[in-house]
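What follows is one structure encoded as structure tokens, with my remarks underneath.
Taken together, the values in this text are just the output of simple stated rules run on the coordinates, not laboratory data. Please read all numbers here as calculations on a predicted model, not as lab measurements. Neighbour counts run over all protein chains shown; Cβ positions are idealised from the backbone, glycine included.
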Amino acid sequence: MTVGLVIVSHSAALAAGVVELAGQMAPGVPIIPAGGMPDGGLGTDFAAVTDAVATADQGEGVVLLFDLGSAQMTADLVVESMADPDQAVVADAPLVEGAVAAAVAAAGGASMAAVASAASGHAPDASVVSGPAERIEIELTNEIGLHARPAAQLARSLTGLTADVTVTFGDQSSDARSVLGLLGLGARKGDRLVVSAQGEQAAEALRRIRQLADDNFGE
Amino acid sequence: MGCRTDGVVAALKAAADTVVAHRDELVELDRVIGDGDHGENLQRGFQTFVVALTRSTPDKPGAAVKLLATTLISTVGGAAGPLYGTACLRAATTLGDADELTPETTVAALRAALGGVVARGKAEVGDKTMVDALTPAVDAAAEALGSGADIAGVLAAAADAAEKGAESTVPLVARKGRASYLGERSANHLDPGARSTSLLLRAFADSAAKHRSAA
């Protein structure tokens, strides 16, 4: 059971496309589209969003993402009208990147708050860390570099580990659990990254990332 | 000198007639600086409300306003649905189970409606939205109440102020809603949301005046 996602869009086609894209990164996560009006026109339909939230809820809560302002208002209103408004939250996030990041976080077992926070570009709260930092250097030998799918794999590989992991490329760093942060590094094939980890399971975190890089992220 | 449920329902129906009569104007205003759906969305919402009134008969003013709220929320689709829907929900909550509207509760309901619109849309005066019409309307209604106006007087003051407030949106550059994407190009146009707010208040005021002269 994971947190569910609902994609609220003015357009049925847009909602379905975002669901398709985010679903690719997060098998098993319920991602439900709620786009367009019942007659097929553009707009957001309160009843459709309400139904989508009910479908997406497996008991772990639901995060709603929206495309434009009035979709946010509809989403807010749906959450406020729920029997238990604490069972869902509207994430103020970019729709496409936010949905991908949220889906990956949900697939990793993150809580509803952490999934919403991942959508907005913040890595889920790191666990308590201690101990000296360890670091490795990896070279990206896969064709697409640190693109969406490899970034998602990297972030997901750390699920459940007690370790604070940072990926540095040039003068930019990102929390390794933030898909958006990793994408923002813009690392391509042939680039070398420094990965540093701190905490109880730092060594295991670095081992998993090394493994992913050695396997060309499954390409 | 109150207004019972039949009077409130008559005012809401008058508002529906106004929306239908001004559909094309609202469509045109919204086409220029928005997505062009404001007139059609509101017409769909209010027409569905009129149909809903044939199926259920609200027994309190608050219940009538609440029926309008839920109908707008579930049928309008654009920003006007959640905004007017929330406004009417808050107004209905303020009216509660009272059997009749008074000048005092009319002003309180208008104030609650404004609070709902601001909470939902996060807009302020000057953002070129319905808040620019509704804010001065509430102030004027409260002032009229202070001078001893009846319901029709309170609503007439609100409608006058809303019309001026709507006109004040013409030179503004939009900071909220779809029009905000246009930046400077949104200036020199009347905001469709502010316009529909002033139309609705005028319909309420005219209906109340008719109700008064009939009484």
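Okay, here's what the table says:
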quantity	calculated
Virtual spin-label span in nm between B:S147 and B:K164, 7 Å along Cα→Cβ	1.1
Three-way shape call for region A:164-219 based on the alpha-carbon gyration tensor, with the a/c threshold at 1.5	oblate
FRET efficiency, 1/(1 + (r/R0)^6) with R0 25 Å, evaluated for A:E143 and A:Q172 via beta carbons	0.70
Percent of Cα pairs exceeding the 38 Å cut-off, where the set is the protein assembly as shown	36
Leading residue at positive end of dipole, region B:141-215 (Cβ point charges), from B:A179, B:A144, B:S168	B:A179
Equivalent ellipsoid dimensions for region A:51-123 as semi-axes, Å, which come from the Cα gyration tensor, largest first	18, 15, 9
Cα pair distances in region B:98-154, grouped into 10 Å bins until the bin that holds the longest one, percent each	25, 46, 26, 3
FRET efficiency for B:R185 and B:A21, using Cβ-Cβ distance with R0 set to 22 Å, rounded to 0.05	0.15
Proportion of all alpha-carbon pairs of chain A beyond 33 Å (%)	20
Chain B: relative contact order in percent, alpha carbon pairs under 8 Å with at least 6 residues between	22
Test item: B:77-88 mean partner chain Cβ contacts at 10 Å	5
Antiparallel content of DSSP bridges confined to the protein assembly as shown, in %, to 5	55
Gaussian network model of chain A, Cα within-10 Å springs - most flexible of A:G181, A:G41, A:G108	A:G41
Hydrodynamic radius by Kirkwood, which averages 1/r over all alpha carbon pairs of region B:82-196, in angstrom	14.4
Sorted by Cβ density within 10 Å, fewest first, the residues B:K128, B:K66, A:K189	A:K189, B:K66, B:K128
Three principal axis lengths of region A:1-98 [C-alpha, angstrom, descending]	34, 31, 23
Globularity ratio of region B:144-215, using Cα Rg and 2.2 N^0.38 Å	1.39
Proximal aspartates and glutamates to A:K189, defined as alpha-carbon separation beneath 14 angstrom and excluding residues fewer than eight positions away on the same chain	A:E139, A:E143, A:D214, A:D215, A:E219
For chain B: span of alpha carbons on each principal axis (Å, largest first)	48, 40, 28
Distance in nm between pseudo-label sites at A:M82 and A:D214 (7 Å out along the Cβ direction from Cα)	4.3
Proxy reagent accessibility, fewest Cβ within 10 Å first, across A:H147, B:H38	A:H147, B:H38
Anchor B:K210: lysines whose Cα lies under 25 Å away (excluding residues fewer than 8 positions away in-chain)	B:K13, B:K60, B:K66, B:K164
Cα-based shape type of region B:23-135, given that a ≥ b ≥ c are square roots of the gyration tensor eigenvalues and the cut on a/c is 1.5	oblate
Cα pair distances of region B:1-47 binned at 5 Å [whole percent]	5, 24, 22, 16, 12, 9, 7, 4, 1
Only Lys, Arg (+1) and Asp, Glu (-1) charged, at Cβ; region B:1-104 dipole about Cα centre in debye	280
Of all DSSP beta bridges in chain A, antiparallel share, percent nearest 5	50
Shape category assigned to region B:36-82 from the gyration tensor of Cα positions, a/c cut at 1.5	prolate
Under-5 Å amide H pairs with B:L101, H placed in peptide plane, nonlocal only	B:C3, B:R4
Sorted by Cβ neighbour density within 10 Å, fewest at the top, the residues B:L134, A:L182, A:L77	A:L77, A:L182, B:L134
